[in-house]
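Notes to accompany the following structure.
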Amino acid sequence: MRRLVQHGIPCSYVLLNALSYVMKEVSKVFLGAHALLANGYVMSRVGTSLVALVASSYNVPVLFCCETYKCCDRVQTDSFVFNELGDPEDLASAQSNGACSKLEGWRDIQQLNVLNLVYDLTPPDFITMVITEVGMIPCSSVPVVLRVIHSV
Amino acid sequence: PHTISPEVMQRTEAVPFFESLLQGDPEMSTAIAAIQTLMEFMNRNSAETVAELTSDLKGAMTELQTSDQSVASVASGCELFLRFITLTALDKPDFNECKQLLVERGQLYLQKAAQARQKIGKLGVPFIRDGATILIHSRSRVVLTLLKEAACCNKHCTVFVTESLPDRSGYIMQKSLQEAGIPAYVILDSAVGYIMERIDLVMFGAEGVVESGGIINKIGTYQMAVVAKAANKPVYAVAESFKFLRQYPLNQFEAPNKHKYTNPQPSDFSRHPLVDYTPPSYISLLFTDLAVLTPSAVSDELIKLYC
């Protein structure tokens, strides 16, 4: 957001909880991706599929910007079967004011676990278009891109 | 071998020639007439290099897109024609040999394009069951060819056509169908929801097929597709492959203004758009002369055509 403001673009910062409130003011959603899978799903930073879900329920176009080297021929249908775990301390110590976080002593509580997933998967139903350096493609065309790239 | 006409064709003569072709043969597709105009232009052109010829052709293409005939298919047809004829080794030292090659490839493209409608007829007939009730939108010559082919295969269908304001071309379609012996009834555009429960399948032509697999067609198409989806009826779009466009509208207002309005200035809501955009999620299959495609395969075909 700092970089956008430095370039003179007016920005508003919202928490994910406020998504459904602001979505009716939004005309387009731009998201980044870590990988485009061969079945049209997009793997990206956790929270992306949430944004895409809310946007598609408000009929707002969702555009992913992604280079073609991120297309891979793996297939995955949910975020759990393959993911990465981040550091749980990032979640446990996060606080907005100077007070102690409520999760500070989580390791001492046996029944409590803190899960910090890094990636999530966005299904193709929520994706309007993927913008790559070779052009705009629908997300179902990832196998075509892979075929063209490997044939060259 | 082509005959070299004595007088050079100017850019401004392109549109009158194009319109005279269409008036002469009302069955001819607008894109085919545009390609024939470009062939004539190429034959009567006085350029001495391939680059100059290509740039003259592009100028003629821009002129053709200013006429009000079905701008989307003229644009795509011309673009694909230009790509096809130049997609060959043009490194001959003599320019006349190059031009001869371009003209030959042009003739080949024109031949393939002219046979497109017949091919679509043969591919689409298995999807129409005997005794089916079909809903179609406005006037489409490709759909007419397909329905006539079905009638020849002894499939007795009943057809409902939307009246399709503002030009009421549904009545013309009804007349053509009745002349072919197919019972056809005109319904109001607003009666599409009412009639949908009696329909077995919905079919429409397309003025343009976009990269997402959606189509640009006469206004009212999107409405019909939405109602068909709500009623679980299959929706088939019928289009020749020269209608594939390199565009990707995200919603109705993103569809280019030059297709929607005859005067391509940005409009307020006082002008009525002529076409709308039907997203791929509402279309079951597309019948094209390349093959019967799902909407997601259109992007694959476009990549093959353009790369």
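Given the conditions (1) within 30 Å of B:His156 (Cβ to Cβ); (2) in contact (Cβ under 8 Å) with a residue 40 or more places away in the chain, report the number of the one that B:Leu38 does not fulfil.
Against the list (1) within 30 Å of B:His156 (Cβ to Cβ); (2) in contact (Cβ under 8 Å) with a residue 40 or more places away in the chain, B:Leu38 comes up short only on (1).
Return the only residue of B:Glu254, B:Glu240 being among the acidic types (Asp, Glu) and under 18 Å from the mean Cα position of the chain (by Cα). Quick ask: steps written out before the conclusion?
Details: B:Glu254 fails: under 18 Å from the mean Cα position of the chain (by Cα).
Being among the acidic types (Asp, Glu) and under 18 Å from the mean Cα position of the chain (by Cα) holds for just one of B:Glu254, B:Glu240, which is B:Glu240.
Kindly establish whether B:Ala206 is under 24 Å from B:Ser296 (Cβ atoms), of a type outside the set (Ser, Thr, Tyr) and at pLDDT 95 or above.
It is false that B:Ala206 is under 24 Å from B:Ser296 (Cβ atoms), of a type outside the set (Ser, Thr, Tyr) and at pLDDT 95 or above.
From (1) on the phi < 0 side of the Ramachandran plot; (2) within 14 Å of another protein chain (Cβ to nearest Cβ), pick out the condition that doesn't hold for B:Gly213.
The single condition B:Gly213 does not satisfy is (1).
Name the helices (runs of 4 or more DSSP H) wholly within the range B:205-307 that hold at least 1 residues that are aliphatic (A, V, I, L, M) and under 28 Å from A:Val26 (Cα atoms)?
Details: elements: B:221-230, B:257-260, B:295-306.
The qualifying helices (runs of 4 or more DSSP H) are B:221-230.
Would you call B:Phe160 over 15 Å from B:Val275 (Cβ atoms), in contact (Cβ under 8 Å) with a residue 12 or more places away in the chain, among the aromatic types (Phe, Trp, Tyr) and surrounded by 22 or more Cβ atoms within 10 Å (Cβ to Cβ)? Please lay out each step first, then the result.
Working: over 15 Å from B:Val275 (Cβ atoms): yes; in contact (Cβ under 8 Å) with a residue 12 or more places away in the chain: yes; among the aromatic types (Phe, Trp, Tyr): yes; surrounded by 22 or more Cβ atoms within 10 Å (Cβ to Cβ): yes.
Here the answer is yes, as B:Phe160 does meet what is asked.
Is it true that B:Lys304 is closer than 22 Å to B:Arg139 by Cα and not small (Gly, Ala, Ser)? Write out each step before concluding.
Details: closer than 22 Å to B:Arg139 by Cα: no; not small (Gly, Ala, Ser): yes.
So B:Lys304 fails the test.
If you take the residues of the range B:27-42 that are touching a Lys or Arg at 6+ places or on another chain (Cβ under 9 Å) and of a type outside the set (A, V, I, L, M, F, W, C), which of them is surrounded by the fewest Cβ atoms within 10 Å (Cβ to Cβ)?
Top of the filtered list is B:Glu27.
Condition (residue is within 14 Å of chain A (Cβ to nearest Cβ), among the hydroxyl-bearing types (Ser, Thr, Tyr) and touching a residue at least 24 places away in the same chain (Cβ under 8 Å)) applied to the range B:185-203: is it met by at least one residue?
Taking the range B:185-203 first, the residues within 14 Å of chain A (Cβ to nearest Cβ) are none.
No, there is no match, as no residue in the range B:185-203 is within 14 Å of chain A (Cβ to nearest Cβ), among the hydroxyl-bearing types (Ser, Thr, Tyr) and touching a residue at least 24 places away in the same chain (Cβ under 8 Å).
Given the range A:49-152, what strands (runs of 3 or more DSSP E) lie entirely inside it while holding 2 or more residues that are at pLDDT 90 or above and away from chain B (no Cβ under 11 Å)?
Working: elements: A:62-65, A:119-122, A:129-132, A:135-137.
Hits in the range A:49-152: A:62-65, A:119-122.
Could you run through the range A:15-34 and say how many residues are within 30 Å of A:Gln76 (Cα to Cα), over 15 Å from the mean Cα position of the chain (by Cα) and aliphatic (A, V, I, L, M)?
Number of matching residues: 3.
The values are calculated or read from the model by the stated rules, or taken from the named source; none is laboratory data. All values reported here derive from a predicted model rather than from experimental measurement. We place every Cβ from the backbone using ideal geometry, glycine too, and count neighbours over all the protein chains shown.
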